[in-house]
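The values are calculated or read from the model by the stated rules, or taken from the named source; none is laboratory data. Model, not experiment: these values are computed from the prediction. Here the Cβ is made from the backbone with ideal geometry for all residues, glycine too, and neighbour counts use every protein chain on show. To get the accessible areas, we keep the full protein, side chains included, count just its heavy atoms, and leave off ligands, DNA and RNA. Shrake-Rupley method; radii C 1.70, N 1.55, O 1.52, S 1.80 Å.
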Amino acid sequence: MCNITKETAFEAISTVIDPEVGFNLVEMGLIYDAIVDDACNVHVIMTLSTQGCPLHQMIKQWVYEAVEKLDGVGTIEVEVVWEPAWNISMADDNVKKALGGM
């Protein structure tokens, strides 16, 4: 039986900090979903704050590595999507306040 849930995947991903703003990807609202099947395969659907992000591949790799640390994880897919486009309203309130989005 798989012990990994969407919540535990999000917890793991919350250790990944966006180096430009200093907040984790979950707080920023950049992680849209984490789909976990019965075999503990994890499919993360995420975005980045801008399409031209120079750290695109690195951040994607960091997310992969964070999920990889979960006990019993199977295959991992990290998919970057651009729809819906990210905006500051998707971030947690503390991030909005710090970045002037409130």
Name the long-range amide H neighbours of T15: under 5 Å, sequence gap of 5 or more, or other chain; modelled H, no Pro or chain starts. none
Cys residues of the chain with no disulfide-compatible partner (no other Cys Cβ under 4.7 Å) are C53
Mind putting a number on the dipole of the chain about its Cα centre? Charges go on the C-beta only, +1 for Lys and Arg and -1 for Asp and Glu, and I need it in Debye to the nearest 20. 300 debye
Over the chain, the sum of -39500 (n - 2.57) across DSSP H runs of at least four, divided by residue number and rounded to 500 deg cm²/dmol, gives at 222 nm -7500 deg cm²/dmol
Once neighbouring chains are kept in place and the probe is 1.4 Å, which whole percent of the accessible area of the chain is contributed by carbon and sulfur? 51 percent
Which length gain, in nm to one decimal place, applies between E83 and N41 when the Cα-Cα distance is subtracted from 0.36 nm times their residue separation? 12.8 nm
What do you get for the angle between helix 56-68 and the principal long axis of the chain? Use alpha-carbon atoms, 0 to 90 degrees, nearest ten. 40 degrees
Which of the following values of mean projected area of the Cα convex hull in nm² was calculated from the structure shown: (1) 6.1; (2) 7.8; (3) 7.0? (1)
